[in-house]
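Worksheet: the structure to be examined is printed underneath.
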Amino acid sequence: MQKTILVTGGLGFIGSHTVVALQEAGYEVVIVDNLSNSFAFVLDGIRAITGILPRFYEGDCNDRDFMQQVFSKEKVEGVIHFAAYKAVGESVAHPLKYYHNNLVSLIVLLELMQQYGVANLVFSSSCTVYGQPEHLPVDESAPILPAQSPYGNTKQVCEEIIRDSVQAGMPVKALALRYFNPIGAHPSAHIGELPIGVPNNLVPYITQTAAGIRPELSIFGKDYNTPDGTCIRDFIHVMDLAEAHVKALDYLLRQDAPSLYDYVNIGTGKGHSVLEVVQTFEQVNGIKLPYKFAPRRPGDVEQIYAKADKAKQMLGWQARRSLDEALRDAWQWQKALKEKGILEKMQKAEANS
Ligand code: NAD
Ligand code: UD1
């Protein structure tokens, strides 16, 4: 019997790739998404890859009545909770919007999981919980530093909410996955990242610059204490990240204990500098990228990359794809946006909303 997994935010960047990985692993997927940062046509991309159209409920995870309907209709055995706002800068300007969406949605979900006896939860956390770690690569025993932004704080508080609920005896088995920097797209170019407006993140900015949508890339800071002076991150292919969710769910379903809480780094274990990413993108795609050096971006940490041993030992997961592959797939996706008319679909969906 196929197990049904509820994926909140399942039409977003990481969610859509995870839906594909879940379907390929034999899970049945039900998606809840309010389309605040995604589009319903992503479902077509998922079906083009796996041949399976997941059941989709359009609505808000903060809406208890709506979520209750989903739980009462579906026999959910596990939840992967992606739905959240994620723009760091916007969270500084609009903290309540972030605290409301990211915290209330988790609380509603936990209450309903308890009510409906759903035991398994995978939560999207972030390496942002570590701030600038003292030791690199950073492992899970590193202290959680005061958050640099309301967004970062929502991830810390969400982890605490889950931990406290488990400590209080709630019958839930939960894993928080602390993602490093997801990039790339599905190699079919049927799904990928769909940033609305000017991208904040490095790789979508690079691909849009390569496509001529942005005149040039600004590299924020060249005087960091790193070999080439630019920041260092652990860039992970989004399909590797997607597969980590499947492994996390498999792990939870195997556990006999009625309740548990743990947290795991999901990264490659390798750090690459921003300049290296730019040069690798140019090399693997045969493109010259216009870029300039600009002042440091406030709030950026100098360098962070994962010690990913816990994920390997506990989940049997490790990243398999290279930076080259991720940057090739990111560029194929950027081209598909135009060739497959996805940009027009986005405009149409925005006009209709
Ligand atoms: P995304 O914005 O592409 O996906 C989030 C999805 O959730 C979107 O489809 C959006 O429409 C939906 N959503 C948001 N609020 C909702 C609500 N209240 N009800 C229903 N749907 C809602 O983001 P992503 O990059 O796929 O990130 C997924 C998760 O991973 C988020 O929790 C994010 O904070 C976390 N994360 C992302 C990164 C990253 O670099 N992308 C890094 C670390 C952690
Ligand atoms: C950021 C968030 C992180 C969040 C993630 C997903 C911060 C401090 N961290 O990660 O919490 O989970 O986004 O939304 O904001 N860069 C450029 N030029 C650009 C864009 C980025 O040089 O146009 C550089 C940045 O300065 C940084 C690196 O590229 O050094 C990666 O930036 P980005 O992709 O935004 O990710 P993070 O900042 O690591």
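Going by the structure shown, is ALA257 hydrophobic (A, V, I, L, M, F, W, C), part of a loop (DSSP other than H, G, I, E, B) and either open to solvent by less than 10 Å² (accessible area, probe 1.4 Å) or over 30 Å from GLU344 (Cβ atoms) (or both)?
Details: hydrophobic (A, V, I, L, M, F, W, C): yes; part of a loop (DSSP other than H, G, I, E, B): yes; either open to solvent by less than 10 Å² (accessible area, probe 1.4 Å) or over 30 Å from GLU344 (Cβ atoms) (or both): yes.
Spelling it out, ALA257 is indeed hydrophobic (A, V, I, L, M, F, W, C), part of a loop (DSSP other than H, G, I, E, B) and either open to solvent by less than 10 Å² (accessible area, probe 1.4 Å) or over 30 Å from GLU344 (Cβ atoms) (or both).
Within the bounds of the range 26-39, is there any residue that is touching a Phe, Trp or Tyr at 6+ places or on another chain (Cβ under 7 Å), in contact (Cβ under 8 Å) with a residue 60 or more places away in the chain and either more than 10 Å from ligand 1 (Cβ to nearest atom) or of a type in the set (Phe, Trp, Tyr) (or both)?
Scanning the range 26-39 turns up no residue that is touching a Phe, Trp or Tyr at 6+ places or on another chain (Cβ under 7 Å), in contact (Cβ under 8 Å) with a residue 60 or more places away in the chain and either more than 10 Å from ligand 1 (Cβ to nearest atom) or of a type in the set (Phe, Trp, Tyr) (or both).
Output the qualifying pairs, or none if there are none: Cβ atoms under 8 angstrom, residues six or more apart or on different chains, first residue in the range 160-184 and assigned to a helix (DSSP H, G or I), second residue more than 16 Å from ligand 2 (Cβ to nearest atom) and of a type in the set (Val, Ile, Thr).
The qualifying pairs are ILE161/ILE107; ILE162/VAL172; SER165/VAL172; VAL166/VAL172.
Please determine, by comparing only the residues of the range 82-101 that are in contact with a Phe, Trp or Tyr (Cβ under 6 Å, 6 or more places away or on another chain) and assigned to a helix (DSSP H, G or I), which one is most open to solvent (accessible area, probe 1.4 Å). Break it down stepwise before answering.
Just the residues of the range 82-101 that are in contact with a Phe, Trp or Tyr (Cβ under 6 Å, 6 or more places away or on another chain), to begin with: 85, 88, 91, 98, 101.
Imposing the further condition that a residue be assigned to a helix (DSSP H, G or I) reduces the set to 88, 91, 98, 101.
Details: VAL88: 76, SER91: 0, TYR98: 2, ASN101: 18 Å².
Out of the qualifying residues, it is VAL88.
Condition (residue is outside any strand (DSSP E or B), charged (D, E, K, R) and near ligand 2 (Cβ under 9 Å from one of its atoms)) applied to the range 147-156: is it met by at least one residue? I'd like the intermediate steps shown before the answer.
Here is the first cut: in the range 147-156, the residues outside any strand (DSSP E or B) are 147-156.
Filter once more, so that each one left must be charged (D, E, K, R): 155.
Those left that are additionally near ligand 2 (Cβ under 9 Å from one of its atoms): 155.
Yes, some residue in the range 147-156 is outside any strand (DSSP E or B), charged (D, E, K, R) and near ligand 2 (Cβ under 9 Å from one of its atoms).
Please work out which residue is nearest to TRP333 (Cα to Cα), limiting yourself to the range 203-240 and to residues that are in a loop (DSSP other than H, G, I, E, B) and among the β-branched types (Val, Ile, Thr). Break it down into steps so the answer makes sense when it comes.
In the first step, residues of the range 203-240 are kept if they are in a loop (DSSP other than H, G, I, E, B); the result is 211-216, 221-231, 234.
Among the residues that remain, those that are also among the β-branched types (Val, Ile, Thr) are: 213, 226, 230.
Details: ILE213: 14, THR226: 31, THR230: 26 Å.
Ranking the qualifying residues of the range 203-240, first place goes to ILE213.
Checking TYR130 against (1) under 21 Å from the mean Cα position of the chain (by Cα); (2) of a type in the set (Ser, Thr, Tyr); (3) under 25 Å from ALA242 (Cα atoms); (4) surrounded by fewer than 21 Cβ atoms within 10 Å (Cβ to Cβ), which single condition isn't satisfied?
All conditions are met except number (4).
Mind telling me which of the residues ASN225, ASN200 ends up being open to solvent by 10 Å² or more (accessible area, probe 1.4 Å), within 15 Å of ligand 1 (Cβ to nearest atom) and more than 21 Å from PHE123 (Cβ to Cβ)?
Numbers: ASN225 fails: within 15 Å of ligand 1 (Cβ to nearest atom).
Answer to the check: ASN200.
Looking only at the range 312-353, filter to residues that are in a helix (DSSP H, G or I) and of a type in the set (S, T, N, Q); which one of those is least open to solvent (accessible area, probe 1.4 Å)? Working first, answer last.
Within the range 312-353, the subset in a helix (DSSP H, G or I) is 312-315, 323-339, 342-352.
Those left that are additionally of a type in the set (S, T, N, Q): 313, 332, 334, 347, 352.
Values: GLN313: 154, GLN332: 79, GLN334: 17, GLN347: 124, ASN352: 131 Å².
Restricting to residues being in a helix (DSSP H, G or I) and of a type in the set (S, T, N, Q), the top hit is GLN334.
Quick one: in the range 72-81, of everything that is more than 15 Å from ligand 1 (Cβ to nearest atom) and not in a helix (DSSP H, G or I), which residue is most open to solvent (accessible area, probe 1.4 Å)?
Step one: of the range 72-81, the residues more than 15 Å from ligand 1 (Cβ to nearest atom) are 72-78.
Still in the running and not in a helix (DSSP H, G or I): 74-78.
Numbers: GLU74: 20, LYS75: 145, VAL76: 15, GLU77: 55, GLY78: 0 Å².
Out of the qualifying residues, it is LYS75.
Can you find a residue in the range 210-220 that is modelled with pLDDT of 95 or more, more than 10 Å from ligand 2 (Cβ to nearest atom) and buried (at least 23 other Cβ atoms within 10 Å of the Cβ)?
No; the residues of the range 210-220 include none that is modelled with pLDDT of 95 or more, more than 10 Å from ligand 2 (Cβ to nearest atom) and buried (at least 23 other Cβ atoms within 10 Å of the Cβ).
Being on the phi < 0 side of the Ramachandran plot and open to solvent by 20 Å² or more (accessible area, probe 1.4 Å) is the requirement here; does ARG178 meet it? Before the answer, list the steps.
Details: on the phi < 0 side of the Ramachandran plot: yes; open to solvent by 20 Å² or more (accessible area, probe 1.4 Å): no.
For ARG178, the condition - on the phi < 0 side of the Ramachandran plot and open to solvent by 20 Å² or more (accessible area, probe 1.4 Å) - is not met.
If the requirement is being closer than 30 Å to VAL42 by Cβ, touching an Asp or Glu at 6+ places or on another chain (Cβ under 9 Å) and either more than 10 Å from ligand 2 (Cβ to nearest atom) or without any contact (Cβ under 8 Å) to a residue 60 or more places away in the chain (or both), which of these qualifies: VAL198, VAL274, VAL246? If you could, list the steps in order and put the result at the bottom.
Values: VAL198 fails: touching an Asp or Glu at 6+ places or on another chain (Cβ under 9 Å); VAL274 fails: either more than 10 Å from ligand 2 (Cβ to nearest atom) or without any contact (Cβ under 8 Å) to a residue 60 or more places away in the chain (or both).
It is VAL246.
It is to be established whether one or more residues within the range 293-311 are in contact (Cβ under 8 Å) with a residue 60 or more places away in the chain, more than 29 Å from ASP250 (Cα to Cα) and buried (at least 18 other Cβ atoms within 10 Å of the Cβ).
The answer is yes, given that some residue of the range 293-311 is in contact (Cβ under 8 Å) with a residue 60 or more places away in the chain, more than 29 Å from ASP250 (Cα to Cα) and buried (at least 18 other Cβ atoms within 10 Å of the Cβ).
Out of the residues in the range 86-116 meeting the condition of being among the hydroxyl-bearing types (Ser, Thr, Tyr) and out of contact with any strand residue (DSSP E or B) (no Cβ under 8 Å at 6 or more places or on another chain), tell me which one is nearest to ligand 2 (Cβ to nearest atom). Give the derivation first.
Applying the first criterion (among the hydroxyl-bearing types (Ser, Thr, Tyr)) to the range 86-116 yields 91, 98-99, 105, 116.
Now narrow it down to the ones that are out of contact with any strand residue (DSSP E or B) (no Cβ under 8 Å at 6 or more places or on another chain): 91, 98-99.
Details: SER91: 9, TYR98: 12, TYR99: 16 Å.
Among those residues, the one meeting the criterion is SER91.
Being within 15 Å of ligand 1 (Cβ to nearest atom) and under 20 Å from the mean Cα position of the chain (by Cα) is the requirement here; does GLY267 meet it? Break it down stepwise before answering.
Working: within 15 Å of ligand 1 (Cβ to nearest atom): yes; under 20 Å from the mean Cα position of the chain (by Cα): yes.
Criteria met by GLY267.
Yes or no: ASP65 surrounded by fewer than 20 Cβ atoms within 10 Å (Cβ to Cβ), touching a residue at least 12 places away in the same chain (Cβ under 8 Å) and within 15 Å of ligand 1 (Cβ to nearest atom)?
Working: surrounded by fewer than 20 Cβ atoms within 10 Å (Cβ to Cβ): yes; touching a residue at least 12 places away in the same chain (Cβ under 8 Å): no; within 15 Å of ligand 1 (Cβ to nearest atom): yes.
In short, no.
The values are calculated or read from the model by the stated rules, or taken from the named source; none is laboratory data. Just so we're clear, the structure is a prediction, and the values are computed from it rather than from any experiment. With ideal geometry, Cβ positions are generated from the backbone for all residues, glycine too; neighbour counts draw on all protein chains shown. With ligands, DNA and RNA removed, areas are computed over all heavy atoms of the protein, side chains included. Shrake-Rupley method; radii C 1.70, N 1.55, O 1.52, S 1.80 Å.
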